[in-house]
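The values are calculated or read from the model by the stated rules, or taken from the named source; none is laboratory data. Values in this document were obtained by computation on a predicted structure and should not be read as measured data. With ideal geometry, Cβ positions are generated from the backbone for all residues, glycine too; neighbour counts draw on all protein chains shown. Calculation scope for accessible area: heavy atoms of the full protein, side chains included, ligands and nucleic acids excluded. Shrake-Rupley method; radii C 1.70, N 1.55, O 1.52, S 1.80 Å.
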Amino acid sequence: MISIARGLLLLSTAGAVSLPLVVPTRHAPERRTPGEAGVQYSKSQVEYYLTQEEMAYARPGLEVEIVDVDIPADGHPVVEVTYVDEMGQPLDRSGVLTPGTISMSWVIAWYDGDLRQYTAYTTRDQTSPITGVTENQASSDSGGTWEDLETGRSRYTFGTQLPGDFDDSKTHTVYVYATRNTADILGKNYYSDPTYDFRPDGGEIEEQWGSLSTDTCNTCHDPIAMHGGRRRAVNGCVMCHNPQSVDPDTGNTVDMKVMIHKIHFGADLPSVQAGIPYQIIGFRQSVHDYSEVVLPQDVRNCWNCHPEDVPQGHVWYSEPARASCGSCHDDIDWETGEGHNGVAQETDNQCSLCHIPQGEFEFDASVIGAHTIPTKSTQLAGLNMEILEVTDTGPGSNPTVIFQVTNDDDSVVDITGLDRMRIRWGGPTTDYTADFDEDAFDAVVSGDMYMKTLSEPIPDDATGTWAFSADVYRFVTIDDGSDEGLEVREAAFNPIYYAPVTDAEAEPRREVVDLDKCNVCHDVLALHGGQRFAIEECLICHRPDMTDEDDRPEEEAPPESVHFKYMIHKIHTGHELVLDYTVYGFRGSENNYNHVGYPGDRRNCEACHLPGTYSVPVTDDALETPTLRDWYTPMLPAAAACLPCHGTVDAAAHAYVNTAPFGESCASCHGDDREFSVEKVHAR
């Protein structure tokens, strides 16, 4: 939603963090050059657009460092801390000498290296108004005192008193999560939440937590920012989210290794499948229901969250335990052995006897074996399809596609043994208006190549360049330890070949998004049954005029648009959608996307897009999109890209009144270097 307030343009979009965005609208004589005074800002950052005067006043950023921790005889920890801006200059905690008050909350806990978990000294009693149960939970410190030593440096004494018998030989960690409140100045706050490990006896630290990395989480979450956006360091999260903390309303533990596994498995949890929702009731009785969460990749991709380059990235397979394993496999009764081949398990001591890190065979009882993804099995030969050439592509001609199908070892594949071998083509590449597909099992063998002359000619009125692709797969039965084996669909990555129809030379489709960026979250983006991978092929079918009319029941008319940019923006907006977005697909399947939770910040267009590809005006060749179920139809190219995210009636009306029968005027305000350019209003 866009609104004007106090001369500032505020843009609020869905994401892991919902922050307003400011773009200065007062007339500024000069913009600050990125990199000036040693700090680099990109066009995706609010600070890029500040004048030198505004920059000097705001002094952006917050970097907090814990420089010393002492536990005196009275047991109240004392922490010395510094806090500076992005230039390394000291800030005033009270917000008087420098803008923006700085608030800090503190946690202190000790670490058990054998169990790899924390126990917090800072706790609170939480009583459920639903169950009447009281639980003592890890929490932040209260009742402490501050001593400001100088600007940018203070000493904090905890209100919490450590017990007299605490073990001073154990690793202890102090965690501070700090906020610099500059929302009224810049439309955003700054956060910093470092941790500090020490041994109270002064000994060398030998045990530290390190099962996850914040950077790894941020590949999807962009950034992970919980509890109002203030807590962003995973090694701080685990200090409270440990076994000592239970939600008294639901009885569910909020232990990190249990809670996070359950959240990411979400809708596929055995308990949820059985009809028991997975919920945590939090601050002010807010209900957080994770029963509809769908991880956008195979949940067995444990490596993606537990990479080997973190200190304890191996523990998921080297240290199996009931709590972590049972969080996903939550239909196991450890006392009776139900769901565990009848084997009861009173402790974790014997888990590794059966579940060794890795066995001799895939799909065995080893931890890595049990998490083998069938489509990544080493038993598969690997299937590849390449279009070498397409001839006779003029208007009215029947193209001949020359292609090769091979295994990973370069051996030639007999296509008659495949289960699907279908050529797909369409054009023009400026914006697709037609597409065709045809089986190619009757292709003629020519050495190690195949030649297929398509029965459908290029239309007489075709122009420009056309794209050719293919869907190719076979079913392979691999050994998964069962008597019957496991049938796997092994598919080839869709080849893309551009051929000129009326162009002098082939003009490839413009590149707007990057598949590698999609696969950061999706791991392997494989749609329509795991046979379509290439975005370039998606575009051939999901063209501007494409709807679900052929599959949609008559009583559910009118049809919904499945134009690629419109559809993908709608899907990733998900639960922030204003209107319903339901698409009917193969065999009448009903696919509603209003429950989708995008884990990042949608203002970061370059999480999916290539740089410079999401501005306006859109290319002159782009076509309009029929949007019969939206606020108005048709939408011209820019509106069809922007309104799926900015889906309110106000935004739609804004686009509508700035649209003429012959074009859109979006670029007059939102074009490059305009006051409200696309990059500027998405800056964060």
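Would you calculate the separation in nanometres between label points at Asp442 and Ala365, each defined as 7 Å from the Cα along the Cα-to-beta-carbon direction?
5.4
Quickly estimate the mean residue ellipticity at 222 nm for the chain, helices only: each DSSP H run with n ≥ 4 gives -39500 (n - 2.57), and the total goes over all residues, rounded to 500. Present the calculation step by step, with values, prior to reporting the outcome.
Details: 18 runs with 111 residues, N = 684.
Value at 222 nm, helices only: -3500 deg cm²/dmol.
Express in nm, to one decimal, how much length is gained between Asp620 and Ser128 on full extension, taking 0.36 nm for each residue of separation and deducting their alpha carbon distance.
Details: separation 492, 0.36 × 492 = 177.12 nm, distance 5.99 nm.
Gain on extension, Asp620 to Ser128, equals 171.1 nm.
Across the range 427-435, in residue order, what do the Karplus-derived ³J(HN,Hα) couplings come to in whole Hz, using 6.51 cos²θ - 1.76 cosθ + 1.60 with θ = phi - 60° and x for Gly and Pro?
Here the 3J(HN,Hα) series is x, x, 6, 4, 6, 5, 10, 8, 8 Hz.
Which whole-number percent of Cα pairs in the chain have a distance greater than 45 Å? Kindly include the intermediate steps, with their values, before the conclusion.
On the way: 77001 of 233586 pairs.
Everything past 45 Å amounts to 33 percent.
Read phi for every residue in the range 382-388 and hand back ³J(HN,Hα) as whole Hz from Karplus 6.51 cos²θ - 1.76 cosθ + 1.60, θ = phi - 60°, with x for Gly and Pro.
With the stated coefficients, the range 382-388 comes to x, 10, 9, 10, 10, 8, 7 Hz.
Determine the gain in length on full extension of the stretch Val39-Asn592; use 0.36 nm per residue of separation and subtract their C-alpha separation, reporting nm with one decimal. Before the final figure, lay out each step's value.
Details: separation 553, 0.36 × 553 = 199.08 nm, distance 4.42 nm.
Residue separation times 0.36 nm, minus the Cα-Cα distance, leaves 194.7 nm.
How would Asp548, Asp309 rank on accessible area, largest to smallest, probe 1.4 Å?
Values: Asp548 5, Asp309 135 Å².
Reading off the accessible areas and sorting them downward yields Asp309, Asp548.
What's the whole-number percent of alpha carbon pairs in the range 59-102 lying beyond 13 angstrom? Mind showing how you got there, number by number?
Details: 550 of 946 pairs.
The answer is 58 percent, as a whole percent.
Kirkwood hydrodynamic radius, the range 106-234, all distinct C-alpha pairs: what's the number in Å? Could the numbers behind the result be given before it?
Working: mean 1/r = 0.0584 Å⁻¹.
Evaluated on the range 106-234, it is 17.1 Å.
Given a Förster distance of 30 Å, report the FRET efficiency between Asp92 and Thr51 from their Cβ-Cβ distance, rounded to the nearest 0.05. List each step's numbers first, then the result.
On the way: r = 22 Å, r/R0 = 0.75.
With a Förster radius of 30 Å, E is 0.85.
With all protein chains present, calculate the accessible area of Phe475 using a 1.4 Å probe and round the result to the nearest 10 Å².
Ignoring ligands and nucleic acids, Phe475 comes out at about 90 Å².
Measuring from label point to label point, each 7 Å out along Cα→Cβ, what is the Leu628 to Ile205 span in nm?
In this crude spin-label approximation the distance works out to 6.3 nm.
What number, in percent, do you get for the relative contact order of the chain if the mean sequence gap of Cα pairs under 8 Å and at least 6 apart is divided by its residue count? Intermediate values should be presented prior to the final figure.
Numbers: 1429 pairs, mean separation 72.3, N = 684.
Relative contact order for the chain comes out at 11 percent.
Express the relative contact order of the range 115-254 as a whole percentage, based on alpha carbon pairs under 8 Å and six or more residues apart in sequence. Numbers along the way, then the final one.
Numbers: 216 pairs, mean separation 39.3, N = 140.
Across the range 115-254, relative contact order equals 28 percent.
Under a plain spin-label model, where a point goes 7 Å from the Cα along Cα-to-Cβ, how far apart in nm are Thr613 and Lys517?
Placing both labels 7 Å beyond Cα along the Cβ direction yields 0.7 nm.
Could you pull out every residue, at least 5 positions away or on a different chain, whose amide H is within less than 5 Å of the one on Asn242? Hs are placed 1.01 Å off N in the peptide plane, and Pro or chain starts have none.
Met256
How do 517-528, 313-324, 186-197 rank on mean C-beta neighbours within 10 Å, highest first? Provide the component values of the computation, followed by the final result.
Values: 517-528: 15.9, 313-324: 18.5, 186-197: 20.0.
Ranked from most to least packed, the peptides come out as 186-197, 313-324, 517-528.
Could you tell me, in Å, what Rg and Dmax come out for the Cα atoms of the range 532-684?
According to the Cα coordinates of the range 532-684, Rg and Dmax are 15.4, 48 Å.
Please give me the summed charge of the neighbours of Gly464: other residues whose Cβ is under 9 Å from its Cβ, Lys and Arg +1, Asp and Glu -1. Kindly include the intermediate steps, with their values, before the conclusion.
Details: positive: none; negative: Asp503, Glu507, Asp621.
Its environment carries a net charge of -3.
Å³ per residue of the Cα convex hull, for the range 379-454? Spell out each step's value before the answer.
Details: hull volume 8.8 nm³, N = 76.
Considering the Cα atoms of the range 379-454, their hull volume per residue is 115 Å³.
What does the charge count near Val476 come to, summing +1 for each Lys or Arg and -1 for each Asp or Glu among other residues with Cβ under 9 Å from its Cβ? Please list the in-between numbers first.
Values: positive: Arg474, Arg489; negative: Glu487, Glu490.
Taking every Cβ under 9 Å from that of Val476, the sum is 0.
With a 1.4 Å probe and every protein chain left in place, work out the accessible area per residue of the chain in Å², rounded to a whole number.
Details: 33300 Å² over 684 residues.
Heavy-atom SASA per residue in the chain reads 49 Å².
Cα-Cα over 26 Å: which of Lys188/Lys565; Lys43/Lys517; Lys170/Lys257; Lys452/Lys565; Lys452/Lys517; Lys43/Lys257?
Lys188/Lys565; Lys452/Lys565; Lys452/Lys517; Lys43/Lys257
Evaluated at 20 °C with a viscosity of 1.002 mPa s, what Stokes-Einstein diffusion coefficient in µm²/s does the range 323-390 have when Rh comes from the Kirkwood expression over alpha-carbon pairs?
Values: Rh = 14.6 Å.
It diffuses with D of about 147 µm²/s by this estimate.
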